[in-house]
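Shown next, in C-alpha cells, is the structure this report addresses.
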Amino acid sequence: NNPESRPAYSCDLYNKLELGLSHAQEQLKSKKFKNELSFVFENMDTSTVSGVPYLPVMISESVAKRFHTRNPDADSETIVANRISGIDPENNLLTQFTGSMHLKCNFYQPFVNSFSINFPSPTISTGMLYYDYYIVDTLSIESRKTYLVHYHPKKGISSPALDGEMLVDAGDFALRSIHAKMLHGGNINWVRDIVYDVEYERLPDSSWFYRQERLYADFSIVLADSSKALSVIGKRELNYSNPSFENVKVAGVKKVNVERDSNFYGEEYWDRVRPYALSRKEKDTYLMVDRFKETPTYQTWYDIVYTVVTGYWDIG
C-alpha cells in the first residue's frame, strides 16, 4: 500500500508553510522594535496544538508537480507557482525550499524523519518492539470496515517515539489516516513538540495514495551567541491531487526545478488553485508582513539575510 512502491507516479501539490515566533513579546524585547513595530503584535495567535501564544512572521504557498520513479529510484519536483510573504519576487532565493521535498512524512517507511530525528513508524513489521497497540473501535468509513487503533510507546523505551492513533482499512490493511505526536521527555532538547496528521485515500483502481499531510513543530534555532535562541513554531500543510501512474518521467536533472515565472502569479490565480481558502489570520499575516517591509528594521534584516544566502552585499 506504500505509494512509493509504485513503479512511477506524478501528482499535483499545494503546499503551505507558516512560521511564527512563540512568546514573541518576550523574545522581541528591544525598545526600538516595540516602538517601531508595535503593530505586529496585533496579529498574535494561539497554537491549537500546544496552547502557546505566537506571532506569525512568514507564510508561503507553492503549487508544484511531483514526479517519482522506482527504477531508477528518483524523485523530482517542478514548482509552478510560489509566493512568500515579505519577499521580493525578483529576488526570491527561497523558492526552491518551499516544495514538498523537505519535511516529507511517509509512515510506510521504517522511520519518519524530522529535524534529523528518526521516529520508528507505528506501521512497520517490528513495531511491537517500540509500541503497544489497542484496537479500540470498528468503524464504517466510505462503506468499508475500518479499525481505530491506538498505539503508545512501550514503557522504558529510550529512543524517540510517537504516540497517537490510526485508522486502518480492514480489507486492504492500508493506512487511512494517522495522528502522531512526539512524546515529551525524550532527549531532544531543542524540539519541544512535533505533531503529524497524515491522510491517505483509496483510488478507483483499489490502490492507495497520499491525500494530505500536516506537520506542526515547536523548536528553537540557536543563534551565533549560543546562549541565545529563537523559539519558532512551524506549520506545514501539503495537499495531493490528480495522481497519474503512466508515462511518468522525472523532470530535469535537479531534484527541485523552478519555472521562470513561478513568483509572479496574482491573487486571482491563488484563489483558483487553493484547495481551501486562507483563514483570516493567514490573510492578516500577508498584510502585516507587507507593512513590516516598509520599516528600516526589516530592510536591515533583509540585507543581512540576503548577504548570508548569496555571499555578497547588493548595492545596486
### Task
Would you please list the contacts, defined by Cβ atoms under 7 Å and residues six or more apart or on different chains, that run from a residue in the range 216-244 that is modelled with pLDDT under 65 and assigned to a strand (DSSP E or B) to a residue that is of a type in the set (S, T, N, Q) and open to solvent by less than 30 Å² (accessible area, probe 1.4 Å)?
229/220
### Message
What's the number of the only condition in (1) modelled with pLDDT under 65; (2) closer than 20 Å to residue 287 by Cα that residue 85 fails to meet?
### Response
(1)
## Note on the structure
Pairs returned, first residue in the range 151-179 that is more than 23 Å from residue 4 (Cβ to Cβ), second residue that is open to solvent by less than 20 Å² (accessible area, probe 1.4 Å) and in a loop (DSSP other than H, G, I, E, B), beta-carbon separation under 7 angstrom, 6 or more apart or interchain, are 153/161
### Of all residues in the range 158-173 being over 23 Å from the mean Cα position of the chain (by Cα) and modelled with pLDDT of 85 or more, the one that is least open to solvent (accessible area, probe 1.4 Å)
169
### Query
Got at least one residue in the range 148-157 being touching a Gly at 6+ places or on another chain (Cβ under 8 Å) and not hydrophobic (A, V, I, L, M, F, W, C)?
yes
### Task
Only residues in the range 190-206 that are open to solvent by 80 Å² or more (accessible area, probe 1.4 Å) count as the first member; pair them with residues that are polar (S, T, N, Q) and part of a strand (DSSP E or B), Cβ under 6 angstrom, at least 6 apart or cross-chain, and list the lot.
190/220
### Message
Is it the case, given these coordinates, that residue 279 is within 29 Å of residue 115 (Cα to Cα), loosely packed, with under 13 Cβ neighbours inside 10 Å, of a type outside the set (Phe, Trp, Tyr) and modelled with pLDDT of 75 or more?
### Response
yes
### Message
I'd like the full set of residues that are open to solvent by less than 60 Å² (accessible area, probe 1.4 Å) and free of Cβ contacts under 8 Å to residues at least 40 places away in the same chain, limited to the range 140-150.
### Response
141, 146, 147, 148, 149, 150
### Message
Can you find a residue that is modelled with pLDDT of 85 or more, hydroxyl-bearing (Ser, Thr, Tyr) and open to solvent by 10 Å² or more (accessible area, probe 1.4 Å) anywhere in the range 40-49?
### Response
no
### Message
Out of everything in the range 174-212 that is more than 21 Å from residue 134 (Cβ to Cβ) and either touching a Cys at 6+ places or on another chain (Cβ under 9 Å) or among the polar types (S, T, N, Q) (or both), what residue ends up being modelled with the lowest pLDDT?
### Response
187
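The values are calculated or read from the model by the stated rules, or taken from the named source; none is laboratory data. Not measured: the values here are computed from a predicted model. Note that we place each Cβ from the backbone using ideal geometry, even for glycine, and neighbour counts take in every protein chain shown. Ligands, DNA and RNA are stripped out before the accessible areas are found, and what is left, the full protein with its side chains, is counted by its heavy atoms. Shrake-Rupley method; radii C 1.70, N 1.55, O 1.52, S 1.80 Å.
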